[in-house]
Amino acid sequence: MKIKILHKGFNFSQDGPGNRLVYHLQGCNFFCPWCSNPESIARDGAKMTVDGKEKLSCTEHDTDEVFSEILSGKMMMFSGGGVTFTGGEPTLQFDALRELLLKCKEAGINTAIETNASHPSFVSLSELVDYMIVDLKHYDAEKHKNVIGTSNEKTIENIRKVSKDREQLLIHIPLVGGFNSTSQDAGKFAELIKSFGNEKIQVEVLRYHEYGKDKWTQCGMEYKMTDGHVSDEEYTEFVDVLKRNGISIIKT
Ligand code: SF4
């Protein structure tokens, strides 16, 4: 089976526990205007112009080749590490992702994914994933759709379903000024997360940054964010509201 990879490399602690081999897969069904990997969005890869030269954002590989690479990197997966699939949105290449997760599980390799949890068959992956990170960008369907282009309904439904029996689930909230960063927003997020009914859920709040800004231009797209910054006070207040509501907060 073929799989399109944006980039890959070892990373310690931020994409799951320990030292992990992280694969960024091509393609995303959301269109977040703050995306720090905008070249990951086009399903077949984005044409980028870097230093006057044109290149495609991704390369295509055989899943067998990728799995061999994973096996040969096993010694490096120390401190409880393993393999992480992120994006883009890794579930868009569902069959290839499933095959690799399955093979890793069979080989005793710790698996993680970071996902927007919107794929219709997302729930079926849960048993193959040791460490799951889901991005929850907004609690409100309308606002989510207006800004990101897709409703959050499937995401919320899927998180609710996997919450029923997961021992571990990390929710990432990207905190973006003008979109979801007020203390009222925090209260609504807390309400929603509590309604999932799983006390093991942890939340990490990630502040807006502009790291991917230049890449939008390289892909021939306009970076439209103007007021996404979140002050220290707003961030602290947001996190405090979640904590006061009994939500467990972590920072990786
Ligand atoms: S879901 Fe992630 S990869 Fe997709 S557009 Fe949003 S930030 Fe980018």
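Tabulated values for the structure
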{"item": "Those aspartates and glutamates that a straight Cα-Cα span of less than 19 Å connects to Lys215, excepting residues fewer than 8 apart in one chain", "result": "Glu39, Asp44, Asp51, Glu54, Glu89, Asp227"}
{"item": "In Hz, Karplus ³J(HN,Hα) per residue of the range 100-114 (6.51, -1.76, 1.60; θ = phi - 60°; x = Gly, Pro)", "result": "5, 4, 4, 5, 5, 4, 4, 8, x, 9, 4, 10, 9, 10, 10"}
{"item": "Given the chain, longest segment not containing exposed loop chymotrypsin sites (Phe, Trp or Tyr not before Pro) (DSSP; at most 12 other Cβ within 10 Å)", "result": "79-210"}
{"item": "The chain shape via C-alpha gyration tensor axes, a/c threshold 1.5", "result": "oblate"}
{"item": "Point-charge dipole on Cβ atoms (K/R +1, D/E -1) for the chain, about Cα centre, debye to 20", "result": "240 debye"}
{"item": "The range 90-151 versus the range 37-87: alpha-carbon centroid distance in Å", "result": "16 Å"}
{"item": "Greater than 19 Å apart at Cα, pairs in Lys53/Lys224; Lys224/Lys251; Lys8/Lys55", "result": "Lys53/Lys224; Lys224/Lys251"}
{"item": "Derived scalar couplings ³J(HN,Hα) [the range 50-61; Karplus, 6.51 cos²θ - 1.76 cosθ + 1.60; whole Hz; x for Gly, Pro]", "result": "10, 6, x, 10, 8, 8, 8, 5, 10, 10, 9, 9"}
{"item": "Under Karplus coefficients 6.51, -1.76 and 1.60, residue-wise ³J(HN,Hα) of the range 216-226 in Hz, glycine/proline x", "result": "4, 5, 4, 8, x, 10, 8, 7, 9, 6, 10"}
{"item": "Residues whose placed amide H lies under 5 Å from that of Leu25, excluding near-sequence neighbours", "result": "Leu6, Thr86, Gly87"}
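Every number in this text was worked out from the coordinates using simple rules, so none of it is lab data. In this text the structure is predicted, and so the values were computed from the model without any measurement. Every residue, glycine as well, gets a Cβ built from its backbone with ideal geometry; the counts of neighbours run over all protein chains shown.
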